[in-house]
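Each remark here refers to the structure printed beneath this line.
The values are calculated or read from the model by the stated rules, or taken from the named source; none is laboratory data. Bear in mind that the values here come from a model prediction, so they are computed numbers and not experimental data. All Cβ positions, glycine included, derive from the backbone under ideal geometry; neighbour counts span all protein chains shown.
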Amino acid sequence: MAVSPDGGGGEWVAVRGCVGFLAGSGLLNWRLPALCGLYLMSILKAVRGTRDLLPPETELWNRVEATARRVFARYNFGEIRTPVFEDTQLFARGIGEETDVVSKEMYTWEDRARAASEKAQSLTLRPENTAGVVRAYIEHGLGETGLLQKLYYIGPQFRRERPQKGRYRQFSQIGAEVIGPVSSGSESPLRDAEVLEMLASFLDEVGVTGWRLAINSVGSSSDRPRYVAALREALIPVAAGMCVDCRRRAETNPLRVLDCKVPGDQAAIEALPRIADFLDEGSQVHFAALRAGLDVCGVPYTVDPRLVRGLDYYTRTTFEFTHDAGLGTQNALLGGGRYDGLSEMLGGPRAPGIGFAIGADRLVLTLQAGLAGAGAGLDSGSVLKADVFMAPVGEAQGPAALKLARELRAAGLRVELGDGNFRLKKSFEVADKVARKIVLLGEDEMATGVVTVKDFGTGVQSKVPRQNLASELRKVAPLGSPSALA
Ligand code: HAM
């Protein structure tokens, strides 16, 4: 392996043999690239902040997503799939120009006109999906049904943040939105309590224990101007000593000063007025009703008056579920809140709503930390094992093994098909790595209709008539259970 000629991070590999041959033949001159084609290949890697998910980790992802679909269906949610890129204006208007997400983290590009009939357009990979769902709600006139729309989504989001554990540039969210005209009950605090109660049920069902829920009210659109005016005034004497973003936001969008993470600014931020002191009676009653709903369901929570969240569309309820296991500093498992004015901000009808997004990457990290603690070993080094390795003994038995594997798969078993060219020893070695049992199919087995089965877990070898094979093999731990994992 040679050093990258561009001095960058790429690694370069000489194609062995080709270079050796040419060096020996005296052809190693300027014609080399033409003769050899790719004599030097850079090894391409996943882009910083993105990653591949491989088995067995993907099994856990599938389990998480299947649990979400199952739980959300019980609450009568339906799935929505929106595009992964949208008009940049959607996010600028919906999330807010001054938020970190819009001002610093979006992947935006100019999509040039390709025909005279087309216009150039600024497009952005979605950094979140609430704005996209509300756009779709407006575009498809979903409010005209007069019914509450309960929509969930699962998919990738993109933010150009500094990558670290639990923070990626492509990450996956499992989210849901409840939105509709006021007449559908969309403004009711019962909806807020129901969404939070559903999340508590989901986390319990997926196996996350020890989560914490923090809630707050950031006030209605009429409380907000009074609070923002108070913030702006309180910032006048202190802004000069704060970071450059805070100095700008003190003027343009004082609420976003509360998102600042710069350690030196925290004392000043702590001393700023609190939104709780600016809630009008309607917001206070709404918040009290949410808390009563949680109390009656026995969902534990704390009220965090600093929880304003980093997106401009929130009104009234905001919330976050956190968990410490496996997440390091990125301990927010999921977040959400109410956005009663978002539809109107996007040019749509009045349509209050509430929703959340679970960071699926963080949820999986949390589960992995818990499972590792319990010894289940769902780390990247472990292998999800097949129920059985079907080993043809000799090439001639290949087709029969293929057919028997097909029958077992039809019976619901997870089967790895071996190779008739393998020696018996090699079949056993491979089978032991990838499956929990091996079935030998040789000439004898073909003649007698009785196959040899070895269970690697117990070491027991037995003879099983072909017609009983599926039921015998099924006498194992179900797929995906801890004992099904190496
Ligand atoms: P958010 O708080 O920006 O809210 O993101 C929700 C969750 O996505 C976070 O709590 C975190 O778990 C995960 N997340 C965010 N950024 C990253 C990242 N760079 N890497 C890994 N995970 C990340 C929203 O996105 C709102 N749309 C939620 C919502 C729905 N509010 C109302 N409806």
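The figures follow:
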item: Segment 152-173, residues that are more than 9 Å from the ligand (Cβ to nearest atom) and either within 15 Å of Phe72 (Cβ to Cβ) or touching a His at 6+ places or on another chain (Cβ under 6 Å) (or both); result: Tyr152, Tyr153, Ile154, Gly155
item: Hits in segment 278-304 - residues which are outside any helix (DSSP H, G or I) and on the phi < 0 side of the Ramachandran plot; result: Leu279, Asp280, Val299, Pro300, Tyr301, Thr302, Val303, Asp304
item: Residue list for segment 39-64, filter: more than 16 Å from the ligand (Cβ to nearest atom), closer than 30 Å to Asp204 by Cα and of a type in the set (D, E, K, R); result: Glu59, Arg63
item: Of all residues making up segment 125-153, the number that are within 17 Å of the chain's Cα centre (by Cα) and under 16 Å from Arg350 (Cβ atoms); result: 0
item: Any hit, segment 340-347, residues being modelled with pLDDT of 95 or more and under 17 Å from the mean Cα position of the chain (by Cα); result: no
item: Residue in segment 359-374 that is over 27 Å from Ser222 (Cβ atoms), touching a residue at least 24 places away in the same chain (Cβ under 8 Å), away from the ligand (no atom under 14 Å from the Cβ) and of a type in the set (S, T, N, Q) present; result: yes
item: Residues (at pLDDT 95 or above and not in a helix (DSSP H, G or I)) located in segment 220-235; result: none
item: Residue among Glu187, Glu177, Glu205 that alone is more than 16 Å from the ligand (Cβ to nearest atom) and either of a type in the set (Asp, Glu) or under 17 Å from the mean Cα position of the chain (by Cα) (or both); result: Glu205
item: The lone exception for Ser427 - which of (1) at pLDDT below 95; (2) farther than 25 Å from Asn62 by Cα; (3) hydroxyl-bearing (Ser, Thr, Tyr) it fails; result: (1)
item: Yes/no for Leu258 being away from the ligand (no atom under 16 Å from the Cβ) and buried (at least 18 other Cβ atoms within 10 Å of the Cβ); result: no
item: Answer residue from segment 290-323, given it is closer than 24 Å to Arg256 by Cα and among the basic types (Lys, Arg) and is farthest from the ligand (Cβ to nearest atom) among those; result: Arg306
item: Residue check for Thr124: at pLDDT below 95, within 30 Å of Cys260 (Cβ to Cβ) and either out of contact with any strand residue (DSSP E or B) (no Cβ under 7 Å at 6 or more places or on another chain) or within 16 Å of the ligand (Cβ to nearest atom) (or both); result: no
item: Any hit, segment 324-345, residues being within 11 Å of the ligand (Cβ to nearest atom), touching a residue at least 60 places away in the same chain (Cβ under 8 Å), under 16 Å from Ile275 (Cα atoms) and not in a loop (DSSP other than H, G, I, E, B); result: yes
item: Test: Gly180 is loosely packed, with under 15 Cβ neighbours inside 10 Å and small (Gly, Ala, Ser); result: no
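Okay, residues lined up against (1) free of Cβ contacts under 8 Å to residues at least 40 places away in the same chain; (2) loosely packed, with under 13 Cβ neighbours inside 10 Å:
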site: Phe389; (1), (2): no, no
site: Pro392; (1), (2): no, no
site: Ala401; (1), (2): no, no
site: Leu404; (1), (2): no, no
site: Glu407; (1), (2): no, no
site: Ala410; (1), (2): yes, yes
site: Val415; (1), (2): yes, no
site: Phe428; (1), (2): yes, no
